[in-house]
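One structure is given here, and the rest of the page talks about it.
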């Protein structure tokens, strides 16, 4: 893949998961949820946590969007777009496998 | 929800005011397990006087330190050295870090680390491996490392890392002899299966200072390197993460060294002394506490060395009144000392430093004489 002009959309059947070497952890001392990665750390807010907890490698992108839309009673298209953007950005940083 | 939902902790904490806030918990711990190393790299940033094997902390003490680190809020431990694999108990120390709940990162030269030991480390819960490379081709890489056959052993180890399913970072240490090879080095990292490459310009501390005239890149090389990194990031977007910063002596503002003194990280030497940064022992008059006598929590909060440059009260002008004082914290104390003779001075990398012009003179002092290898 070479420098796409627009971010690629996530296929509905993709099963996103955190790769080995990336984990989500809660740290009281650091004030919340943190995504730990090779020599990097990212703070994860409540929404990111809700998404990442569903990235088990079993649930499909489609199922994750359905689940989030039902849980948060939000419009499905909006959720699909937002979650897609988040997952694509994480995948580009090699923090997620699709 | 956008990608901004996940902001780096580094950026995040850098914005937080350093004074008037309660002491923040450290995030990372650099565990220098040993100073022993088979390589002779001229750019080694370890101190000129190394600690000997007889003074090294034992396995149980490291296990205790790692537990204390986790309790203090540390999330990542970097197992480093020297070459950490020079210690036979590396798997036991890794297991102790993992048991404490820490994210464990191995920083290795790849020389002296066998496939069997690597398997034991993966089994013990190792999370990530960083292997350094000196150049893209064996002959020149081995010449820089001062060790024949180093390149072949590094690439073999990298292959083992991938075979075991561990994530791999290639640390490409850049200086005048290889800075024009960035593209080939990134290609090598990709071929080895790395998910991340660190373009790490030599920093002139410890042993490296002896070789500054041999290692310093030219301004033209630095500009070409910056353009090369931009192009490579575009070309390999989504395939490999390329982390790179402008080399110190050519920057306009100093780096926020270790994220600010005593704010984010600690460094434990092979013998157990706890330093706010890697080179802190070069600063005269500092008192470093040891894990042999104090808990890590006591050291973090009360060690005179950690409190010496915390916050902004210690600063002089131009730092004291500078709007960036809580962004870069005046830069690096060790570099300020090395280049101005005063550890409280503004890091001369900053263009506002009265000593900044001296840097231009230093970068011009380039010699093509042989390296002084670390032996």
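A short reminder: the numbers here are calculations on the coordinates, not readings from a lab. The structure displayed is predicted, hence computed values, not measured ones. Neighbour counts run over all protein chains shown; Cβ positions are idealised from the backbone, glycine included.
Tabulated results
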item: Relative contact order %, chain B, counting alpha carbon pairs below 8 Å whose residues are six or more apart; result: 19 percent
item: Shielding of A:39-49 by partner chains, average beta-carbon count, 10 Å; result: 6
item: Calculated FRET efficiency for the pair residue A:66/residue B:230, C-beta based, R₀ 51 Å, to 0.05; result: 0.80
item: Cα-projected label distance for residue B:119 with residue B:58, points at 7 Å along beta-carbon direction, nm; result: 3.0 nm
item: Shape category assigned to the stretch B:249-375 from the gyration tensor of Cα positions, a/c cut at 1.5; result: oblate
item: Cα-based Rg / Dmax (Å) for the stretch B:264-329; result: 13.2, 40
item: Counting DSSP beta bridges with both ends in the stretch B:153-278, the antiparallel % (nearest 5); result: 15 percent
item: Anisotropy class of chain A from Cα gyration tensor, a/c 1.5 cut; result: oblate
item: Peptide-level mean, for B:247-256, of C-beta atoms on other protein chains within 10 Å; result: 0
item: Antiparallel DSSP beta bridges within the protein assembly as shown, percent to nearest 5; result: 35 percent
item: Rel. contact order, % - alpha carbon contacts under 8 angstrom, at least six apart, the stretch B:267-375; result: 16 percent
item: Sorted by Cβ density within 10 Å, fewest first, the residues A:85, B:116, B:94; result: B:116, A:85, B:94
item: For A:22-35, mean number of other protein chain Cβ atoms within 10 Å; result: 4
item: Packing-based order for B:326-333, B:121-128, using average beta carbon neighbours within 10 Å, highest first; result: B:326-333, B:121-128
item: Per-selection Rg to Rh, the protein assembly as shown - Cα, Kirkwood hydrodynamic radius; result: 0.96
item: Estimated FRET transfer efficiency (residue A:73, residue A:9; beta-carbon r; R0 35 Å; 0.05); result: 0.90
item: Over chain B: Rg over Rh, Cα atoms, Kirkwood Rh; result: 0.94
